[in-house]
1. Could you rank the peptides 91-102, 59-70 by their average count of other C-beta atoms within 10 Å per residue, with the highest value first?
2. Exceeding 21 Å between C-alpha atoms, which entries from my cross-link table qualify? They are Lys30/Lys64; Lys30/Lys51; Lys51/Lys73.
3. What dipole magnitude, in Debye to the nearest 20, does region 98-137 give about its Cα centre under +1 on Lys/Arg Cβ and -1 on Asp/Glu Cβ?
4. Which value at 222 nm does the chain reach when only helices count, each DSSP H run of 4 or more adding -39,500 (n - 2.57), with the total divided by all residues and rounded to the nearest 500 deg cm²/dmol?
5. What does the highest-first list of 125-135, 46-56 look like by mean Cβ count within 10 Å?
6. Over the chain, with every protein chain in place, what whole percent of the accessible area is carbon and sulfur at 1.4 Å, could you tell me?
7. Relative to the present Cα-Cα distance, how much length would full extension add between Ile91 and Asn78 at 0.36 nm per residue of separation?
8. Share of antiparallel DSSP beta bridges in the chain, in percent to the nearest 5?
Amino acid sequence: MAPKKSNPKKEKFLSSLPQQDFVSDIADVKGKLSFSFKYFDGNQEAGQDFKDWNDKQKQELLEKLRDYSRESKTYWLNQRAGAGGLRILEIYEAFPRNTDFEYPQHVPNDVRWARFRMESAMRLVGFFVSEEDAKSKDLSNNVLM
């Protein structure tokens, strides 16, 4: 049997592939914050829709979401912003009373509302599933929806 010939193109391609597989990398993702826009409501008068944003604003949002998803919910609950030391992530037990927004009818009523400080006056508002509901329904409670 003749020895196999080397194939430089094949070897170069194989050496360019990542050495870590998804299964070993997933441990770092578990527990990190995620975002879902399933319940996004861009029709409220007090808020905005993505179509109202320019490219720069959309880019800044995506960069923030990327940064926020690199850490856990607990991490962001403990991070402060601004001179007053306000939290970057604030979780409310119920829908805020002092707001210009209306409770969206398509959102379940037993969620924990939350707000992320983004840039200056920009906020990302959503909710988390409670820890109890997450455990009983085998869901993650690290997803802001």
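The values are calculated or read from the model by the stated rules, or taken from the named source; none is laboratory data. From a predicted model like this one, the values you see are computed outputs, not experimental measurements. Here the Cβ positions follow ideal geometry from the backbone for every residue, glycine too, while neighbour counts run over all protein chains shown. The protein model used for the area step is the full one, side chains on, heavy atoms only, and it has no ligands, DNA or RNA in it. Shrake-Rupley method; radii C 1.70, N 1.55, O 1.52, S 1.80 Å.
1. Packing order, densest peptide first, comes out as 59-70, 91-102.
2. Correct reply: Lys30/Lys51; Lys51/Lys73.
3. 140 debye
4. Per the formula, -8000 deg cm²/dmol.
5. 125-135, 46-56
6. Exposed carbon and sulfur together represent 50 percent of the surface.
7. 3.5 nm
8. 85 percent
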